[in-house]
Amino acid sequence: MAEALRAPRGTLDVLPEDGRRRLGLLRIADEVAARGGYGPIETPIFESTALFARGVGDTTDIVEKEMFTFEDQGGRSITLRPEGTAGVCRAYVERGMHKLPQPVKLWYWGPFFRYEAPQAGRFRQFTQVGVEAIGSADPSLDAESILLLAEMLDRIGARGVRLRISSLGTPRTRRAYSDELREHLRGREDLLSDDVRARIERNPLRAFDSDHPGTQAALAGAPQLIDRLDAEDAEHFERVRELLDAAGQPYEVDGTLVRGLDYYSRTVFEFESTELGAQSALGGGGRYDGLVEQLGGPPAPGVGWAAGVERMLLAAAPGAEDGAAPRVVYVATAEDADAVQAFGIARELRLRGMHAEVEQAGRSLKGQLKHADRLGAEYVVILGEGPVQVKDMSTGEQRETGSAAEAIELVAAGGA
Ligand code: HAM
């Protein structure tokens, strides 16, 4: 195919086999979220650029270099959403959800876009599943949120899962801590990567995200934010931990955990999988108590997470997300068979909940039986060789029936 016509780098075509796995995961997500009282929400795939600059933070990698931003025909700056929380909070304000009983619990699934270097598990268009609970600072929501993702990962049999949690405190604590960390980093500036050095002033905490060896060395012995929490934040975090402990959820407290988005306060967390290689983050999130207000809404604390669907499926146990598969039946037609009748039988079988197909590519009867086997057919209904026959593909046994209706009954009953 001509180079110019190929799909853009970092995009995926989801072919049917993967498509089915994704739908299996979608069903699990819906079930798990619904049981927790979370309702589905859809927000636009493009939003005004200002929403992400304001919401995600303009010193973050995402806003500085990863957004797909363009001007529309009306001269407005538009961005393909790089994440979902800002859009959900915008909708919360814009659609008056703060007037509903609080907290408002929402979940979503859809495409997101980041201009990152593509590699295994990292794409420029990817899919996230996420939840947000807005309108309450109750620590049980933090724990509930974490446990929802844990449950989804458990349901798909995700392998090598590890959970890290921390608390970033309130913006005030963080400001005081940032000064302290800045001081520490300035004393070791020659060790730092250019990137981290350039950000000391604006966002020193991002140094913890760097895998640059010099930066890591500079951070050895650095003060940690989790040791600087005020009493209220420490108590909030303590309560989250208590609830996770009571639920038997294993985790590790990691004071170096910083997230790539600026809106977090208090609890942050990340689930990783050892199955994923370099892009090991399955999903992450945390509390964002100031975000709704920052977007022009009323004070409304929130907490949530998003997980990468492609990464979840890479870490999943094969087949774990499959639902119960319907019985497969093939309606085969010998040369002089009545194709209209065959079509009608297949339709009737589908109406009864089975997966039924007819011949549509001109194969011989022998070819059709081979094809039926490839499809995993349990039964083949054969028309045009005398009376209607039903072949049980597992035993090879072939039975004559009196009519199409009788064949349908036989197949529906599982051959009994
Ligand atoms: P995030 O950590 O930026 O958080 O992304 C969440 C997850 O999306 C990651 O853990 C990863 O699995 C997946 N992901 C991110 N970028 C890519 C990519 N380029 N390719 C494939 N997968 C990717 C957020 O987006 C926050 N909105 C989460 C949140 C919700 N916090 C509070 N509420």
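Among the residues of region 299-307, is there at least one that is farther than 23 Å from Arg124 by Cα, of a type in the set (Gly, Ala, Ser) and buried (at least 18 other Cβ atoms within 10 Å of the Cβ)?
yes
In this structure, is Gly130 at pLDDT 95 or above, within 8 Å of the ligand (Cβ to nearest atom) and not in a loop (DSSP other than H, G, I, E, B)?
yes
I'd like to verify a number: residues in region 237-258 that are without any contact (Cβ under 8 Å) to a residue 40 or more places away in the chain, under 24 Å from Asp154 (Cβ atoms) and either open to solvent by less than 40 Å² (accessible area, probe 1.4 Å) or touching a helix residue (DSSP H, G or I) at 6+ places or on another chain (Cβ under 9 Å) (or both), how many?
So the answer is 2.
Taking region 51-76 only, how many residues are of a type in the set (Phe, Trp, Tyr) and crowded, with 19+ Cβ neighbours inside 10 Å?
Total meeting the criteria: 1.
Just to be sure before I move on: is Arg311 open to solvent by 40 Å² or more (accessible area, probe 1.4 Å), within 16 Å of the ligand (Cβ to nearest atom) and touching a Gly at 6+ places or on another chain (Cβ under 9 Å) in the structure I sent?
yes
Return only the number of the condition from (1) at negative phi; (2) open to solvent by 10 Å² or more (accessible area, probe 1.4 Å) that Gly96 does not satisfy.
Checking Gly96 against (1) at negative phi; (2) open to solvent by 10 Å² or more (accessible area, probe 1.4 Å), the one that fails is (1).
Hey, among the residues in region 67-95 that are acidic (Asp, Glu) and closer than 23 Å to Val131 by Cα, which one's nearest to the ligand (Cβ to nearest atom)?
The selected residue is Glu83.
Go through (1) within 15 Å of the chain's Cα centre (by Cα); (2) within 9 Å of the ligand (Cβ to nearest atom) one by one and return the number of the condition Val268 breaks.
So Val268 meets the others, but not (1).
Consider only pairs whose beta carbons are under 9 Å apart and that are at least six residues apart or on different chains; among these, list those whose first residue lies in region 300-327 and is farther than 23 Å from Ala281 by Cα and whose second residue is within 8 Å of the ligand (Cβ to nearest atom) and assigned to a loop (DSSP other than H, G, I, E, B).
Partner pairs satisfying both residue conditions: Pro301/Tyr288.
Is it true that some residue in region 368-385 is open to solvent by 40 Å² or more (accessible area, probe 1.4 Å), over 22 Å from Ala324 (Cα atoms) and in a helix (DSSP H, G or I)?
Checked against the condition, which is being open to solvent by 40 Å² or more (accessible area, probe 1.4 Å), over 22 Å from Ala324 (Cα atoms) and in a helix (DSSP H, G or I), region 368-385 yields at least one hit.
Among the candidates Gly10, Gly57, Gly37, single out the residue that is within 13 Å of the ligand (Cβ to nearest atom), in a loop (DSSP other than H, G, I, E, B), of a type outside the set (A, V, I, L, M, F, W, C) and touching a Lys or Arg at 6+ places or on another chain (Cβ under 7 Å).
Exactly one of Gly10, Gly57, Gly37 is within 13 Å of the ligand (Cβ to nearest atom), in a loop (DSSP other than H, G, I, E, B), of a type outside the set (A, V, I, L, M, F, W, C) and touching a Lys or Arg at 6+ places or on another chain (Cβ under 7 Å), namely Gly10.
Can you find even one residue in region 113-125 that is farther than 23 Å from Leu291 by Cβ, near the ligand (Cβ under 10 Å from one of its atoms), small (Gly, Ala, Ser) and open to solvent by less than 50 Å² (accessible area, probe 1.4 Å)?
yes
May I ask you to say which residue of Glu144, Glu132 is in contact (Cβ under 8 Å) with a residue 24 or more places away in the chain, closer than 22 Å to Pro301 by Cβ and open to solvent by 50 Å² or more (accessible area, probe 1.4 Å)?
Exactly one residue qualifies, and that residue is Glu144.
The values are calculated or read from the model by the stated rules, or taken from the named source; none is laboratory data. Just so it is clear, the structure is predicted and the values come from calculations on it, not from any experiment. Don't worry about glycine lacking a Cβ; one is built from the backbone with ideal geometry, like all the others, and counts go over all protein chains shown. The protein model used for the area step is the full one, side chains on, heavy atoms only, and it has no ligands, DNA or RNA in it. Shrake-Rupley method; radii C 1.70, N 1.55, O 1.52, S 1.80 Å.
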